[in-house]
1. Within the set of other residues whose C-beta is less than 13 Å from the C-beta of Glu73, count the net charge using Lys and Arg as +1 and Asp and Glu as -1.
2. Using 20 Å as the cut-off for backbone N distance, which residues of the stretch 89-105 belong to the label zone defined by a point 7 Å from the Cα of Glu131 along Cα→Cβ?
3. Put a dot 7 Å past each Cα toward the Cβ at Gln98 and Thr54; how far apart are the dots in nm?
4. For the stretch 71-76, what does the Karplus curve 6.51 cos²θ - 1.76 cosθ + 1.60, with θ = phi - 60°, yield as ³J(HN,Hα) per residue in whole Hz, taken in order and with x for Gly and Pro?
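Just so it is clear, none of the values below were taken in a lab; they were calculated from the coordinates. Keep in mind that what you see is a predicted model, and the values were worked out from it rather than measured. Don't worry about glycine lacking a Cβ; one is built from the backbone with ideal geometry, like all the others, and counts go over all protein chains shown.
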Amino acid sequence: MRRGSNGFRQNFARESQLLPRGIFHASPEAFTAKVKFAHCVFPFLLGLALICATGCKKSTPPTIAQIRAITRELVIAARSASGGRADVGMRPEFAPRQSGKGQTLVADHIYITVPLTGAGVPDRAAYNAIEKKLALVAEIHHL
């Protein structure tokens, strides 16, 4: 009998060494280390998810007064860049009327006619100056 029980113990010890060492088969120290690691990683991942969620908020659309102010600034920039020689105009675009509500400004259209040179071709220097000034205004307003 003793021999049979001893053989069983040897086989059991050999098989237990072949078992994978997971969280339940590990030593208490390894289990504690894995729990500490989870306590560090979980708050980090939660914080990362919250940062990403707050960074995705949508910006509010500009008000009518802001649209008009930027349009006027663009028109003035185009006129001043060409020395007053460019023909610059603007026209508002309104949303379709809804019953019971006033007109809502959607956008402003700006029309710029580049002045001609003495030879009758568009003035390239005025065109470049206008384009540079408009880009500067657009950069200021993040357009």
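1. Once all neighbours under 13 Å are counted, the net charge is +2.
2. 89
3. With each label point 7 Å from Cα toward Cβ, the separation is 3.2 nm.
4. Here the 3J(HN,Hα) series is 4, 4, 5, 5, 5, 5 Hz.
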